[in-house]
Structure formats: structure tokens, C-alpha cells
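Computed from the coordinates by the stated procedures, all read-outs in this text should not be read as laboratory data. Just so it is clear, the model here is predicted, and its values are computed rather than measured. Heads up, the Cβs are rebuilt from the backbone with ideal geometry, glycines too, and the neighbour counts pull from every protein chain shown.
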Amino acid sequence: MKNLSRREMLGGIAGAAAMAGAAPLLDARPSLAQTSEYGFTPGLIYLNTGSLGPTPRSIFEQVLKAWTDLELNPVNKAYGGTTHVLADKTRELVGSLIGCSADEVLLTRSTTNAMNIAGLGMDLGSGDRVLTTDVEHEGGSAVWKHLEKRRGVIIDRIAIASDDHDVKGIVGRFERAIGKETKVISVSHVITSTGLRMPIQEIVALAKGRNILTVVDGAQAAGNTVVDVKKIGCDAYAAPGHKWLSAPKGTGFLYISKDAQSKIQPVEWTDGKAFVLGSAGMGSLPLMVGLGAAIQAAQKRGIAAAEERNLRLRNRAYEGLKKIAKVQVVSAPPGPLATALVAFRLPDAVDSSAFRSTMREKYDIMLKQTEKRWGNGMRISSHYFNTEADIDAALKAIATELS
Ligand SMILES: Cc1ncc(COP(=O)(O)O)c(C=O)c1O
């Protein structure tokens, strides 16, 4: 295994580009990640937005401004004052992002927090069944496990192998698994381990007319792809700010459709829907201002435009990985099922945790090691601040380590 410095790595980009199929460059601009807008360690190639996205300085500054304003007179500013008004406006901005009204949005700390609120807000009891998959993230399944333990709810899980791209087959398995006692279908919009874009509308449609609530875990979708909750038709949609939206860490939201609000009742909404007042309690006002600012920045970039560029980066990674004999790409090929995340399996003899550390320590590249229950794998997730050079450097590092 050859030990390359980062300079050598970047110097070898032309070679790596050839290996990656040398698709034409998307743009000639230098990496945004290395500008003063981002706080990354100099030289770091960050390919793990799927776990946490970076918060640019311009968003940071808006958070600090809101915080400074808040401290001028905490009580006055927090309860109905300017900081509160600004933070609460984020519900409207979430609405403009996912296509709903502010009255259908609850601001949360994270996806997990949003999923927990949705599950605990339902009237589920012993023998009620929740239908989900075996590839849900812990954050999308913790609440069901809690209800299983505390209230005797039963969880049914559809199996989805990491290289399963047969979405018709997946919909069929969902349909066959629905029973009389199924009260909830809970599923990810984009699968965390592989980036598979799920046939979410088709799965949600199965619930209609059957008195089944649908809860979508949008952790890998919001800000990564265009989300339209009305088109999806789900009852609830949970998502973070701190991944694909580049919002401050500790931000997220929960959509609950007007129609479902009689069946999903968050404690936070007992006294109304405003962020922070009454039953919601105090929350992080400045961070929510940051979430609003991040949504506006994402809309300015254009979610669809950023996605298109990002898919080209992702496809470059996909094609490049395919040429590395020792890895097995498990994500969907370029096409309608692909998203910005691409995952691959390492040979059994290579420990994914050690491989991740090597990528970070030797090459300054941040990848995600996927959970062992999904195989001995790694995941690359690029976003608007990444470049072809980042992808090519990762491909070259992976190939070098496995040679
Ligand atoms: C599908 C999915 N759900 C939930 C989570 C947890 O997100 P959060 O940290 O916002 O709770 C993740 C994180 O990677 C995820 O991929």
C-alpha cells in the first residue's frame, strides 16, 4: 500500500479522472469548501453530508446576529419579540421547502426527535402493528421500538438487501405485509445505507382507505432532492436541518398534514403551534433562525439544480468505483433510483472502520463507514460544495489502499 501525500493525490487527479471515466468537468471553480465561507480543517475533503452537513459562515453569522439580538433583553425578545418572530417564521420557510402550510410544521432538534414526536403523538396500543423495513436508521425506528417495549406495539419489517433496486418488488412486499392490525407505515424517503430513492408515493398510496398512518423519514432527502409532501401524500414527514440543508446542528422539523392532525397530536401543540410558546417550551431560537436562513440559501441555489449537479458527481463516483476490482458497488446505477449517496462493499479482509480511519488520517478524506448490519461497507455523499476533484481524490485513495 503506497503512502501518498495529499499534494501527490491532488497532483494525480488527471490520472484519477481517467480512472473515473474522465467525464467532462462540471465547472472549473475551485472547491467552495476551501473558501472562507466554510470552517473545514484546511485540506479536508468532506464527503459525508449524509451524516452531517457543514454550516457556512453566512448562516452562522445570521445565527449569531439573532443570538446577539436575543441577549439584549431575553424575555422580551424570546416570548413574542423580534427573535421569536424570526425563529417562528422558519415554519413558513419549511412550508415553502416541502409544499405545506406553516400550520402543518413543528420545529424540532433532529429527524429522530421529529420521528419520536410523531410516534408518541399517535394513539397506538397493544397489538397495533407498524410496518417498516429492515434498513431504517435508528433515528427512524427508535420510537417504534419504544412503543413495542412500552405499549405492546408489534413491528413488521420488510427485508431490503443492500443491492436490491427492484422497487416494484419492494412495493409488492409492502402490500402483502399489510394486515388488519397495521396502523402505521413508516419508511425512509431515501435509504441511509445506500441512497436508494424509495418508491415513496406508491408505498404511501397503499395506506389510503385502509386507516393506516404514513410516516416518512426524510433525513436523507430534505435539501438533497425536491420534496413535495402533498404529492407524496404522507401523513407525517420528519427531516433534519443539519444534513443536506447545511443548517445548524440540532435543527429539524416535523410535518403533520392537516387531515392527520386529529390522529397525530404532539404534546408541543397542546397550546398552539408557535415555536417556543406555551406547551412547546423554550427552544433554540437562534438555531431556528439559522434553519430558516439555510432553507433560503438552499432555495437560492435551487434544490433541483444542486441535485442535478450533485447527481453528476455521484455518478462519477459510481462509475469510478465500478472500475475498482476489489469493491462491490451496492447503490443503484445512474438513473431514477439514484441519489447523491453511493455505497460500496469492501473485501471481507478489510475492516471498514480501519479503512475509514485510513481515509481520514492518511488522505484527509471523510467517508462514512456504513453500519455493519448492512455489510462491510463505505458510503460517499457529496454536496454542492464538493467538486470532481474531491470525488477523484477519493477514488484514487480507495484504489491505492486496496491495491
Ligand atoms: C434515514 C435517517 N434517519 C434518521 C437519521 C438521524 O438523523 P438526526 O440526526 O437528524 O436525528 C439519519 C442520520 O443519518 C438517517 O440517515
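Brief remarks on what is shown
- Overall form of segment 58-132 per C-alpha gyration tensor (a/c, 1.5; a/b vs b/c): prolate
- On a per residue basis, the convex hull of the C-alpha atoms belonging to segment 225-367 measures out at 176 Å³.
- Förster radius 41 Å - calculated FRET efficiency between Glu175 and Lys372, Cβ distance, rounded to 0.05: 0.85
- Extension reserve of the Gln34-Glu202 stretch, reckoned as 0.36 nm per residue once the Cα distance is removed: 56.4 nm
- Folded to 0 to 90 degrees: helix 303-322 orientation relative to the chain principal axis, Cα: 40
- Most fluctuating residue given options Asp217, Asp259, Asp390, as computed from a GNM of the chain linking Cα atoms under 10 Å: Asp259
- Ellipsoid equivalent to the chain - semi-axes via the Cα gyration tensor, in Å: 36, 28, 17
- Rounded to the nearest 10 degrees, the angle from helix 285-301 to the longest Cα principal axis of the chain is 60 degrees.
- Angle of helix 388-402 to the longest C-alpha principal axis of the chain, folded into 0 to 90 degrees and rounded to 10: 70°.
- Measuring between their Cα centroids, segment 247-274 and segment 153-189 lie 25 Å from each other.
- Nearest-20 debye value, the chain charge dipole, Cβ charges on Lys, Arg, Asp, Glu: 460
- At R0 = 35 Å, FRET efficiency that the Cβ-Cβ distance of Ser126 and Ser96 yields, to 0.05: 0.30
- Seen from Leu287, the other residues with C-beta closer than 12 Å to its C-beta sum to a net charge of +2, counting Lys and Arg as +1 and Asp and Glu as -1.
- Amide H contacts under 5 Å for Thr133, placed H, 5+ residues apart: Ile158
- Placing dummy labels 7 Å off each Cα toward the beta-carbon, the span from Thr68 to Glu148 is 5.0 nm.
- For Val187, neighbours were defined as the other residues whose beta-carbon sits under 9 Å from its Cβ, and their charges (Lys and Arg +1, Asp and Glu -1) total -2.
- Within the chain, helix-based [θ] at 222 nm, where runs of 4 or more DSSP H residues each add -39,500 (n - 2.57), nearest 500: -12500 deg cm²/dmol
- Of the residues Gln220, Gly250, Ile264, the one whose Cα sits farthest toward the positive end of the charge dipole of segment 211-341, with +1 on the Cβ of Lys and Arg and -1 on the Cβ of Asp and Glu, is Gln220.
- Taking 19 Å as the cut-off, the amide N atoms of segment 286-325 that come nearer than this to a point 7 Å along the Cα-to-beta-carbon line of Glu61 belong to 286-301.
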